[in-house]
Structure formats: structure tokens, C-alpha cells
Amino acid sequence: MKQNLTETGEWKALEKHFLEAGNFRIKDLFAEDPERARRFTVEDIDIYFDYSKHRIKEKTMRFALTGHLLFTTIHTISAPSTIERLFEMGVPPFLIASSMLGAMSQRLVRRLCPYCSKPASALTEPAVNEFTKNMDLEEAKIVKQLILSPGANFKIPNLAGCPNCRNGYRGRIGLFELMVMNESIRKHVLANAPTDVIRRTAINTAGMRTLLMDGILKARLGETSLAEVIRVTATMV
Ligand SMILES: [Zn+2]
């Protein structure tokens, strides 16, 4: 978080800082030791972990208030729900609206074995309609399009497996959901809007690709199965 931000310029700067910080490793983002985290401070960027720990929370808020660019992990089910979680932790809406740049959520799915996975039979439109029936209209439209548009290479695991895998899967890949703050989202934050409103606004005005959408895109490439994507994202549909 940082105060008085310009939208895209900051992300570019951030990217540059990380590229310059050659020793930065993604796995260190998951460390929980704040002292260890300090080693990865690059110029005015600070990375803190596990925001919910009280001592760290105090530190991170102080950093954000004094204009540092700051990363932290936070336990929520999606990127938009980060805002509600910050409310609950006592961060005032005006501070979230003015200092938060964005939030990213991630889930791991099993990767299909490239040696033995099999083509999946095509999904029918009624089946997809059934799957999307409880979604917001705009979101349902995007999800339907992602599943049904031509050119997909959906695959299913060979459950018997082969010498290269276990039950048709081999390793894991990440699904990502990145919410970048914009003026529409900020207005809702200031009005204390619920997560579903923030989420809808992020999809419709900030082009947020949800975990499910990202998963479908990866399933279209045959990297994972649609069943696997639905399994890990079921709590947010
Ligand atoms: Zn295999």
C-alpha cells in the first residue's frame, strides 16, 4: 500500500524493482518471519507477510502511511474480499481507498500429465448454462464464452496414470486473480460496499479475470482439467 499513487506508473516501477532485485524469490513471499522478510526490502519497497499477525499489522500500517510501497499476504478467499478483510481489521475505508494499489489471489491446481491425458468430450450449452446460473449476468457471459468459444483443447486425466505421473496428474500450476484498483472500485470502498459489489465492479470496470476464468483459460490449453479448476474455485462461484 502507498499513499498518493498514480495508477499504472507504480506498477511499472514495481516490476522494475523486482527485476533489479535479482535475489528475490517468489517462495520467500510465503515466509512468515518479518525479520527474514526485511532482507528482501528493495529501496522503498517493503514486503511483509501475514498481515493478520498483530505486530506486523501495526508495522505495515505505519509503512503505508509514510509512503512506502508495501507487499503483504492476507488470508481471504478472493482478491476483492481483501477489502472487507481490511475493514474487519480496523483499517478505515478512506485509507484503503487512498493507499491500496491492488490485490492478487492465487490457488494451485494439479497439472495434467502431458504423456497420458486424453481429450475431453465437448461441453454442451445447457450444461454450461446450468453451471453459470447463479453467477452475476456479466460474469456468466464471460465464463460461458470462455468455455464454449471454439479452439479449446480441454483434456481429462487418465486416472490409471502412466510411468510419468500419478493418477494422470504431474505437478501443479497456479491460478491467479489480480484486482487493480481504479476510481470505480475506490468509490465503492469509500461507501463501504459489500464484497460482491467490489467483485462485480472489478470484473466490469477493471477487467479483473477471476480465478475461475484464469482456470478455464488454462484448461482450454490442456494444462489442467476443467474438473480440477471447478474443484478449487467452487467456494467462490
Ligand atoms: Zn501420465
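A short reminder: the numbers here are calculations on the coordinates, not readings from a lab. All values reported here derive from a predicted model rather than from experimental measurement. Every residue, glycine among them, receives a Cβ derived from its backbone with ideal geometry; neighbour counts consider all protein chains shown.
Taking the Cβ of Ala160 as the centre, find all other residues whose Cβ is under 12 Å away and add up their charges (Lys, Arg: +1; Asp, Glu: -1). Write out the running numbers ahead of the final one.
Values: positive: Lys118, Arg166; negative: none.
In short, +2.
Taking the Cβ of Ser78 as the centre, find all other residues whose Cβ is under 13 Å away and add up their charges (Lys, Arg: +1; Asp, Glu: -1).
Values: positive: Arg85, Arg107, Arg199, Arg200, Arg209; negative: Glu84, Glu139, Glu177, Asp196, Asp214.
Residues near Ser78 contribute 0 overall.
Sum up the charges of everything whose Cβ sits under 13 Å from the Cβ of Glu177, counting Lys and Arg as +1 and Asp and Glu as -1, but leave Glu177 out. Display every interim value, and only then the final one.
Working: positive: Arg107, Arg199, Arg209, Lys218; negative: Glu139, Asp214.
My count for the surroundings of Glu177 gives +2.
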